[in-house]
Structure formats: C-alpha cells, structure tokens
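Enquirer: Dropping a structure here in structure tokens format, bear with me for questions.
What follows draws every value from the coordinates through simple rules; no lab data is involved. This structure is a prediction, so every number in the text was calculated from the model and none was measured. Glycine also receives a Cβ, built like all others from the backbone with ideal geometry; neighbour counts cover every protein chain displayed.
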C-alpha cells in the first residue's frame, strides 16, 4: 500500500492547526481526497464518525477518526470501498510540530489495497505525488498568517452528502481522469500583502509498495 507525504509550514499555533484538522468537515475545503463531508456537527475525538463522499463515488461512506493526540497528531480512515478489481481503504494522517513562529505539518495519505488493485499501486502513488503538494499549499493558504483579534478560522464546508442508494457507485478512473477533486474551492481568508512562508517540501514516498487510489 502506497504512502505519500509532504511537509508544509503554517504560521499558526499547533493548537489552532489541530482544532482546524480535528473537525473533519474542513477536509472538503482543501483535500483532493475528500469531495464533501456531511454538514452535521460531530464532536471531535477518537473514533468520531463522519459521513463523507470520496471523489468518483456517488454514495456516502464513513470517515472515522483513527488517531487523536491533541496538538500533535490526528488521522482519519475512510470506509473500505469495493470495485471489480478489489478494495481500498484511504488513511489521511497529520502530524504537528511547533516550529519557529508557527507549526510544521506533515500530511500523509496511505491507500490500503487488495486483490488486483495492488498492481495499480504505482499509479496511485504517482497521482498523490502530483496532488498532495497542491493540497498542502491550499491548506497553508486557507489557514493564512494567523488570526487578528476576533477573527475566526475558516468555517467548515456546509455541503451535505446526498443520500444515494448503496449500489450507485460511480465508475473508477485512473490518475488524471476527469476533474481533479478539491480544486474548485478558492482559498478563503488568505490575507493580502503578508510575508511568504516556506513552501511544501519535496515529496517523500515510502519504500514499501502501496495501494491504488483508483478514483483519485
């Protein structure tokens, strides 16, 4: 199963960044691996369950908080998804480290695959190496340069996941098929004329062959 990661620096405290990430509804604002999250509020914490829509799929799936260490680490695991070639389970993980006047955030995506999908592992790794750096910069720009008095972080997505029958799965495509998920929302609340922050680091890919994000 492939695991791709990158680092990005955000000029906000680890507490602010963690609180933003802990509300999974915010993933739809910047992550290309999450098309939408149901707008109903879910109390953040370990094993919290959200309903979300994966790119390329019409029906909603469960997204579970699989790791929860306030101010340090949080991860969300998607529900197992089936296609004629096998299954996949996506995991979105975030590690936070205080750094200078902000937070260094390590974003990673792991796709656990089965059956014939394992043969497509190089393609999913290639897709994430293409998309994750853009996601990380969108995440950085969305959080901006820190709050002024009374200014709040960007609100979570209010899009509601449509209730569709369990058998209504969209066809799967390879990297680059169709529009790239997560690129239609413009960064919100990014201040003007502010000092630049370090860009995302070069991609790192685990040495172990990983799975395929066939709908990505």
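Enquirer: Shape of segment 52-146 from its Cα gyration tensor (a ≥ b ≥ c, root eigenvalues): rounded if a/c is under 1.5, otherwise prolate when a/b > b/c, or oblate?
Expert: Numbers: a/c = 2.19, a/b = 1.83, b/c = 1.20.
Prolate.
Enquirer: Next up: Along the Cα→Cβ direction, 7 angstrom out, place labels at residue 43 and residue 58. What is the inter-label distance in nm?
Expert: For residue 43 paired with residue 58, the spin-label model returns 3.7 nm.
Enquirer: Fewest first, what order do 16, 38 take by the number of other Cβ atoms within 10 Å? The partial results should precede the final answer.
Expert: Details: 16 18, 38 22.
Lowest count first: 16, 38.
Enquirer: List 103, 87 from most exposed to least, where exposure is judged by having the fewest other Cβ atoms within 10 Å. The partial results should precede the final answer.
Expert: Working: 103 22, 87 14.
Going from least to most buried by this count: 87, 103.
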